[in-house]
Amino acid sequence: MTELTRLEQAVTLLSAAYGSLGLAQGESTWARFVRVLMGIPTGHAASDTLVGLLQTGPLAAPGESSVATPGQLVEILAPIPRGSQKASVIRAVAAWWLAQFGDEVSPAWSVSPQSYRESLRQIRGLGPATVDELLLFAADLPVFPVDRTALRVAVRHGWLDLPVEDEDAQSLFVRGVDGSPARLQELARLLTRVGESHCGREPNCEGCPLQSLLPSGGPLNPQSC
Ligand code: SF4
């Protein structure tokens, strides 16, 4: 069985265990960008507060955010968990957005995902996985946020070998679900769920939805990632 077939099996098993995880609809791309940056998914206790902030004031559009003072952003983000700490990155992302798209809140993403990845990675405070999370969940581009949980699951199951190269990981996950952004979003959410419930620093394989896909000797490199 190939790694890609195993990944398809993993999606099937995780979906059966956790159900289909609904996606937020109806927000502008800018609003989704801010939501991902703040780490506030729909359903979070602070989501309604964030929705209000996105409708008027300095967060409503990138042009507003880019000219807000750091103090204004710190103040309005204070009700959001760790929000004040994100004020500077919001300003930097707003400036990046204006340079790319002007003040259009739902623009066309017309150049290559790699181009957006490279320019966003220049922003202080945005790591590679966060950049890919923004591009996948806010812009619906076919990239995969290879965070610690995704790496743990892939390495422990032998789908990727250590040391993991970024392009190998992208190739595995993007090709593994046929490159569809909607399926990549689903995969990312499902892996986050299995990381929370079973596959943390120490793998807890007993009863895990992916237990049947383990190598015969159990998880590989269980302490290495
Ligand atoms: S806990 Fe075990 S079975 Fe579950 S994803 Fe991690 S390595 Fe796989």
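Bear in mind these aren't lab numbers, they're just calculated from the coordinates by the rules spelled out. Note that the coordinates shown come from a computational prediction; the quantities given were computed from them, not determined experimentally. Ideal geometry is used to build each Cβ from the backbone, glycine not excepted, and the neighbour counts take in all protein chains shown.
How high is the relative contact order of the chain? Use alpha-carbon pairs under 8 Å, at least six apart in sequence, and give a whole percent.
On the way: 254 pairs, mean separation 51.8, N = 225.
Value for the chain: 23 percent.
Output the Kirkwood hydrodynamic radius of the chain, Cα pairs only, in Å rounded to one decimal. Write down the numbers at each step before the final one.
Numbers: mean 1/r = 0.0538 Å⁻¹.
In the chain this quantity evaluates to 18.6 Å.
Can you compute log10 of I(q)/I(0) for the stretch 117-225 with the Debye formula, treating each Cα as one identical point scatterer, at q = 0.13, 0.18, 0.24 Å⁻¹?
The Debye formula, applied to the Cα set alone, gives -0.48, -0.90, -1.39.
Using a 10 angstrom cutoff on alpha carbons, build the Gaussian network for the chain and name the most mobile of VAL93, VAL74, VAL11.
Of VAL93, VAL74, VAL11, the Gaussian network model singles out VAL74 as fluctuating most.
Is the stretch 13-120 rounded, prolate or oblate when judged by the Cα gyration tensor, a ≥ b ≥ c being the square roots of its eigenvalues, rounded requiring a/c under 1.5 and prolate requiring a/b larger than b/c?
Values: a/c = 1.95, a/b = 1.20, b/c = 1.62.
Oblate.
Angle, helix 3-18 long axis vs. longest principal axis of the chain, Cα atoms, 0 to 90°, nearest 10?
Between helix and principal axis, roughly 70 degrees.
Would you look at the GNM of the chain, springs on alpha carbons closer than 10 Å, and say which of GLY52, GLY83, GLY39 moves the most?
Of GLY52, GLY83, GLY39, the most mobile in the Gaussian network model is GLY52.
So what is the calculated 222 nm ellipticity per residue for the chain, using -39500 (n - 2.57) for each DSSP H run with n of 4 or more, over all residues, to the nearest 500 deg cm²/dmol? Write down the numbers at each step before the final one.
Values: 11 runs with 119 residues, N = 225.
Calculated at 222 nm, the ellipticity per residue is -16000 deg cm²/dmol.
Top mean-square fluctuation among SER66, SER88, SER110, Gaussian network model of the chain, C-alpha springs under 10 Å?
The residue with the greatest mean-square fluctuation here is SER110.
In percent, what relative contact order does the stretch 29-105 have, based on Cα pairs under 8 Å that are 6 or more apart in sequence?
Numbers: 78 pairs, mean separation 25.0, N = 77.
Relative contact order, the stretch 29-105: 32 percent.
Using θ = phi - 60° and the Karplus relation 6.51 cos²θ - 1.76 cosθ + 1.60, list the HN-Hα couplings for the stretch 186-203 in order, rounded to whole Hz, with x at every Gly or Pro.
Working through the residues one at a time gives 4, 4, 4, 5, 5, 5, 4, 4, 6, x, 5, 8, 9, 10, x, 4, 10, x Hz.
How about the stretch 148-225: which trypsin sites (Lys or Arg not before Pro) there lie in a loop by DSSP and see at most 16 other Cβ atoms within 10 Å? Before the final figure, lay out each step's value.
On the way: sites: ARG148, ARG152, ARG156, ARG175, ARG183, ARG189, ARG193, ARG201; in loops: ARG201.
Loop-located and lightly packed - ARG201.
Please give me, ordered by residue number, the trypsin sites (Lys or Arg not before Pro) of the stretch 58-104 that lie in loop per DSSP and have at most 14 other Cβ atoms within 10 Å. Working shown, then result.
On the way: sites: ARG82, LYS86, ARG91; in loops: ARG82.
Loop-located and lightly packed - ARG82.
May I ask for the net charge around VAL67, where only other residues with Cβ less than 14 Å from the Cβ of VAL67 are counted and Lys, Arg are +1 while Asp, Glu are -1?
Working: positive: ARG91; negative: GLU64, ASP103.
Once all neighbours under 14 Å are counted, the net charge is -1.
For helix 87-101, report the angle its Cα long axis makes with the longest principal axis of the Cα atoms of the chain; keep it between 0 and 90° and round to the nearest 10°.
Helix 87-101 sits roughly 80 degrees off the main axis of the chain.
Excluding ALA46 itself, what net charge comes from residues whose Cβ is under 11 Å from its Cβ, given Lys and Arg +1 and Asp and Glu -1? Don't skip to the end; give the middle numbers.
On the way: positive: ARG35, ARG82; negative: ASP48.
Local charge sum for ALA46: +1.
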